[in-house]
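Here is the structure we will look at, set down as structure tokens.
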Amino acid sequence: MRLFRHGPPDAERPGAELSDGTLIDVNAFGEDFGEHFFATEGLRRLTDWLQENALGCPRLAPGFRFASCVARPCKIIGVGRNYRAHAMEVGSEPPAEPILFMKAPSALCGPNDDLRLPPRSTHTDWEVELAVVIGRAARYVDPERALEHVAGFALFNDYSERSFQRQRSGQWCKGKSADTFAPIGPFLAVGGVDHRAVELWLGVNGVERQRARTSSMIFDVPTLIAYVSEFMTLLPGDVIATGTPEGVGSGQKPPVYLAPGDTVEYGASGLGEARQRVVAWSA
């Protein structure tokens with residue numbers, strides 16, 4: 001099953017994809033896809049509800065806005081340099097332990113929403129990633145049990161303003177948390193996705209920049225969930241962005257960064273595709 005959210009900003013509604021690919025509005029279910037939904041066996045309850053009510057749900061015509069596939073999570077946790085080739089392209093040794101950073105939940109947006117460059121941005125970069133959405137609270141989890149805490153997987157883009165990240169002192173979150181810097185979706189895939197074999201790709205202005213499989217990750221999904229849960233409780237609905245492969249703008253020779261008028265297209269096998277226009281910040 002694949003879930004999604006749709007509609008204008010601040011008025012999003014939950015949706016679901018049927019087995020024949022039909023997209024339906026499931027607002028009548030009465031819950032959005034947030035912490036309470038995941039914490040109270042919402043996936044099971046929605047599945048049961050759809051067996052009785054799917055035929056009566058409104059069908060969605062093409063052209064609607066895909067919102068973020070989960071409602072605003074408590075936390076968005078990023079993983080840095082989790083592909084060996086990416087670590088090398090940015091001049092770093094592959095890490096001995098996962099590198100963690102936080103992205104502000106206010107950065108969340110829909111997968112096709114405009115990417116709004118923050119004021120004084122000169123080095124905004126792209127990073128296509130596999131995102132893990134937590135389905136059950138995780139504390140001090142063993143890797144062997146980690147997947148029991150997963151609700152599903154989604155496409156993610158960890159946009160980064162490199163000058164804020166690297167030259168403004170302090171933690172990486174400065175360059176990671178601008179509004180629209182965390183598009184997720186279009187779909188949350190519940191089951192049917194092998195986290196070890198997802199193909200990721202990204203192109204800018206029609207030029208492919210990134211393509212890799214998650215089998216190349218240094219630290220796999222169970223390892224990351226277990227590792228993060230050593231330091232903080234993962235709550236239902238939380239997002240872990242698992243790292244990006246090589247091909248980021250800062251790794252090009254010479255470096256290439258995003259500017260107003262650019263178009264970023266990206267996708268992940270089984271999780272959908274997205275297309276974003278890059279625009280200047282406006283109040």
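The values are calculated or read from the model by the stated rules, or taken from the named source; none is laboratory data. Quick caveat, the model's predicted, so the values are computed rather than measured. Backbone-built Cβ (ideal geometry, glycine too); neighbour counts: all protein chains shown. Note: areas computed on protein heavy atoms with side chains; ligands, DNA, RNA excluded. Shrake-Rupley method; radii C 1.70, N 1.55, O 1.52, S 1.80 Å.
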Relative contact order of the stretch 1-129: what whole-number percent is it, with Cα pairs under 8 angstrom and at least 6 residues apart? 22
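Using the heavy atoms of the protein chains alone and a 1.4 angstrom probe, what is the accessible area of the stretch 169-283 per residue in square angstrom?
I get 41 Å² per residue for this part.
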Could you grab the relative contact order for the stretch 151-283? Cα pairs under 8 Å, six or more apart, rounded to a whole percent. 26
In whole Hz and in residue order, list the ³J(HN,Hα) couplings for the stretch 143-152 that follow from phi through the Karplus curve 6.51 cos²θ - 1.76 cosθ + 1.60, θ = phi - 60°; x for Gly and Pro. x, 5, 10, 4, 5, 5, 9, 9, 7, x
Using θ = phi - 60° and the Karplus curve 6.51 cos²θ - 1.76 cosθ + 1.60, what whole-Hz ³J(HN,Hα) does each residue of the stretch 84-90 get, with Gly and Pro shown as x? 4, 5, 5, 4, 5, 5, 9
Between the helical axis of 42-53 and the dominant principal axis of the chain, each derived from Cα atoms, what acute angle in degrees is found, rounded to the nearest 10? 40
Bin all alpha-carbon pair distances of the chain at 5 Å intervals from 0 and give each bin's fraction as a whole percent. 1, 6, 13, 18, 20, 17, 12, 8, 4, 1, 0, 0
Once you have the Cα-Cα distance between Arg196 and Thr223, take 0.36 nm times their residue separation minus that, and quote the gain in nm to one decimal. 8.5 nm
Output ³J(HN,Hα) for the stretch 67-74: one whole-Hz value per residue in order, computed from phi by the Karplus curve 6.51 cos²θ - 1.76 cosθ + 1.60 with θ = phi - 60°, and x for Gly and Pro. 8, 4, 6, 10, 5, 3, x, 5
Evaluate the relative contact order of the chain (contact order divided by residue number), counting alpha-carbon pairs under 8 angstrom at least 6 apart; express in whole percent. 25
Over the stretch 1-79, one equal point on each Cα, no solvent: what is log10 I(q)/I(0) by the Debye formula at q = 0.11, 0.17, 0.25 Å⁻¹? -0.28, -0.66, -1.31
Based on the Cα gyration tensor of the stretch 89-247, what are the three equivalent ellipsoid semi-axes, each the root of five times an eigenvalue, rounded to whole Å and given largest first? 25, 18, 16
Is the C-alpha gyration tensor of the stretch 1-132 telling us rounded, prolate or oblate? Criteria: a/c under 1.5 is rounded; beyond that, a/b larger than b/c is prolate, otherwise oblate. prolate
The simple spin-label model distance between Ala54 and Thr122, using points 7 Å out along Cα→Cβ, in nm, is 5.4
Dipole moment magnitude, nearest 20 debye, the stretch 187-232 about Cα centre, only Lys, Arg, Asp, Glu C-beta charged: 160
Which residues qualify? For Thr124, with a placed amide H closer than 5 Å and at least 5 residues away or on another chain, they are Arg162, Leu258
How large is log10 of I(q)/I(0) for the stretch 174-243 at q = 0.11, 0.22 Å⁻¹ when the intensity is taken from the Debye formula with one equal scatterer per alpha-carbon? -0.37, -1.37
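Ignoring any ligand, DNA or RNA, what whole percent of the accessible area of the chain comes from carbon and sulfur when the probe is 1.4 angstrom? Write down the numbers at each step before the final one.
On the way: 6070 of 12300 Å².
Whole-percent figure for carbon plus sulfur exposure: 49.
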Hey, in the GNM for the chain with a 10 angstrom Cα cutoff, which one of Ala54, Ala107, Ala189 fluctuates hardest? Ala54
Under the rule of at least 5 residues apart or a separate chain, name every residue whose amide H is placed under 5 Å from the amide H of Phe187. Leu155
Inter-part gap, Cα centre of the stretch 1-37 to Cα centre of the stretch 172-227, in whole angstrom, is 22
Within straight cross-link reach of Lys176, meaning Cα distance under 20 Å, which lysines are found once same-chain residues fewer than 8 apart are removed? Lys75, Lys103
Contour minus Cα-Cα span, Arg139 to Ser216, at 0.36 nm per residue, comes to 25.1 nm
List the residues, sorted by chain then number, that are 5 or more residues from Gly78 or on another chain and whose placed amide H is less than 5 Å from its amide H. Phe101, Met102, Lys103, Ala241
